[in-house]
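Every number here is computed from the coordinates shown, using simple stated rules; none is lab data. Quantities reported herein were computed from a predicted structural model and do not represent experimental measurements. For neighbour counting, all protein chains shown are included, and Cβ atoms are generated from backbone atoms with ideal geometry for every residue, glycine included.
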Amino acid sequence: MSTIGEAAAQALALVTAGDPKLVAIVLLSLRVSLAAVVFGALIGLPFGAWLAVTDFPGRRAVIVMLNALMGLPSVVVGLVVYLLLSRAGPLGSWGILFTPTAMVIAQTILIAPTLAALSQQVVADGWGEYREQLRSLGETRLGAAMTLLWDLKFSLVTILLAGFGRAASEVGAVMIVGGNIDGVTRVMTTTIALETSKGDLPLALALGLVLLTIVLVVNAGAYVVKETAQHRYG
Amino acid sequence: MRAPTSLLPLRLEAVVFETAGRRIIRGISTTFRRGARTVILGPNGAGKSVLLRLCHGLLTPTSGAVTWNAPELPGAPRRQAMVFQRPVLLRRSALDNIRYALKVSGIRGREHEDRAFEALCKVGLEGHADRPARVMSGGEQQRLAMARVWALRPEILFLDEPTASLDPVATHEIERVILALHEAGTKIVMVTHNLGQARRLADEILFLYHGRLLERQPAHQFLKQPASSEAARFLEGELPW
């Protein structure tokens, strides 16, 4: 118990002192996960919205598959991206394995289906309400998808948050494609895993604290944005 | 540029509509011409709203044909509009809701701005241009929906019980805009449950019963002496509205 207490005290000291190593790890984590959310959203949201308003044979199968992909194990994504980017792989010539770029690619692949599946659900609900009016105005399917994405943007904040949460907290994919190289590809989750196994609890705990705080702050911020917007715009 | 040929008359030939094994519209043939304000009456489940949606193209007939004099071209601005019982407005300002409809219609530039604001003035909402549409009262929302229609200047307007959930003052406002649209040359086709409203607005009445068009009469004649026993029972309040 006292070990944990001491580790917690040291962790707090690291955080309050703004330890440069800790700060670098946190910043890299945020950079990688936020980039993955941006790219994942650029792919996932329009696709989900389009899927919600369109109709084609096999649409249901695509939705079922997307929902299944929400549970995609991150180590499997890591492994596939590793095989693609490794020297012998088809994209080996890019030479980006064990770089933050590879980590962004892996996390994008990991969260894009989640963002698509969740936005499909939100937009489908909206489409039920708007469908007749938008069709009456002569809006195209693609136009309707974009209009709904814009109109439901405050509900989509929650979805982006879910994507960010998944990206920031996963360890498998970034560990495999990033390699957990000190100062280059070491992020919060991989550091926590490594330091815990090494027995260096203060750094692991400090990072755990930061990770928790980020998730809490982002969640609270998104909640406030959504509530304010709903109150203001109905 | 040559003015587009009129959409009207709109012809329905033996239109049948079925859904989930139920026949909602059972072979309706009729014609909607420019001019007269047409009100569709009938008891609950007669198929009034479905008929409007078939005319407006939101539903496709199971058999029969809905044909316009000069059909709208795919991708061209719509020349018909519809107002629903519950207005559907986007989460943006009142003015932006009208701008959006104009943009979809392909109307841009200076005319776009002028028309949008003029439409708000027409329904008395000029002081609410920047208010978010979704937080307006029910009556204001429906007036905004009417302003959106006004901006689009359709040749024909379908209205599906537009005042069903409004108080008398708001109802009066909506009726005033409907009459103004009629004066401006828009053909009005409206479903209502309100006999008083039918008296005030209708030039002619179509009476639907169990998916069939039982009567089509000048309003005063229908309201005084309907030809069918079903219509007489409806007017006496014996059929569920």
Could I get the Rg over Rh figure for the stretch A:188-234? Both from C-alpha atoms, Rh via Kirkwood, rounded to two places. 1.34
For B:Ile40, the residues 5 or more places away or on another chain with a placed amide H closer than 5 Å to its own amide H are B:Met190, B:Val191, B:Thr192, B:Leu206
Semi-axes (Å, rounded, descending) of the ellipsoid equivalent to chain A per its C-alpha gyration tensor are 37, 23, 13
The stretch B:6-66: relative contact order from alpha carbon pairs under 8 Å, six or more residues apart, as a whole percent, is 43 percent
Gyration tensor (Cα) of the protein assembly as shown, equivalent ellipsoid semi-axes in angstrom: 60, 24, 20
Give the cross-link partners of B:Lys122 among the lysines, using a straight C-alpha distance below 30 Å as the criterion and excluding same-chain residues fewer than 8 apart. B:Lys48, B:Lys103, B:Lys187
Using the Cα centre of the stretch B:141-199 as origin and beta-carbon charges of +1 (Lys, Arg) and -1 (Asp, Glu), tell me which of B:Trp150, B:Pro162, B:Gln197 is placed farthest towards the positive end of the dipole. B:Trp150
³J(HN,Hα), Karplus 6.51/-1.76/1.60, whole Hz, each residue of the stretch B:89-106, x for Gly, Pro: 10, 7, 6, 7, 5, 4, 5, 5, 5, 6, 4, 4, 4, 5, 5, 4, 7, x
Candidate lysines for bridging to A:Lys226, where Cα separation is under 22 Å - those fewer than 8 sequence places away on the same chain excluded: A:Lys153
Explain nothing, just the number: relative contact order of chain B, from Cα pairs under 8 Å at least 6 residues apart, as a whole percent. 27 percent
Compute the angle between helix A:100-137 and the longest alpha-carbon principal axis of chain A, please, reported from 0 to 90 degrees and rounded to the nearest 10. 20 degrees
Over the stretch B:168-224, consider all pairs of different Cα atoms and compute the Kirkwood hydrodynamic radius from their mean reciprocal separation; express it in Å, one decimal. 12.4 Å
Give me the base-10 log of I(q)/I(0) for the stretch B:86-153 at each q in 0.20, 0.23, 0.27 Å⁻¹, Debye formula, one uniform scatterer per Cα, rounded to two decimals. -0.66, -0.88, -1.22
B:Leu179 to A:Trp94: FRET efficiency via 1/(1 + (r/R0)^6), r the Cβ-Cβ distance, R0 51 Å, to the nearest 0.05? 0.15
Principal-axis tilt of helix A:188-198 within chain A, Cα atoms, nearest 10 degrees: 30 degrees
Taking the Cα centre of the stretch A:27-200 as the origin and placing charges on Cβ (Lys, Arg +1; Asp, Glu -1), which of A:Ala193, A:Gly89, A:Gly172 is farthest toward the positive end of the dipole? A:Gly89
Distance in nm between pseudo-label sites at B:Ala65 and A:Leu69 (7 Å out along the Cβ direction from Cα): 4.5 nm
Suppose we keep just the DSSP beta bridges with both residues in the protein assembly as shown; what percent of those would be antiparallel, to 5? 55 percent
Given a cut-off of under 8 Å on Cα pairs at least six residues apart, what relative contact order in percent is computed for chain A? 32 percent
In whole Å, largest first, what are the principal axis extents of the Cα atoms in chain B? 53, 40, 35
Using a Gaussian network model of chain B whose springs link C-alpha atoms within less than 10 Å, name the residue from B:Ile28, B:Ile156, B:Ile174 with the highest mean-square fluctuation. B:Ile28
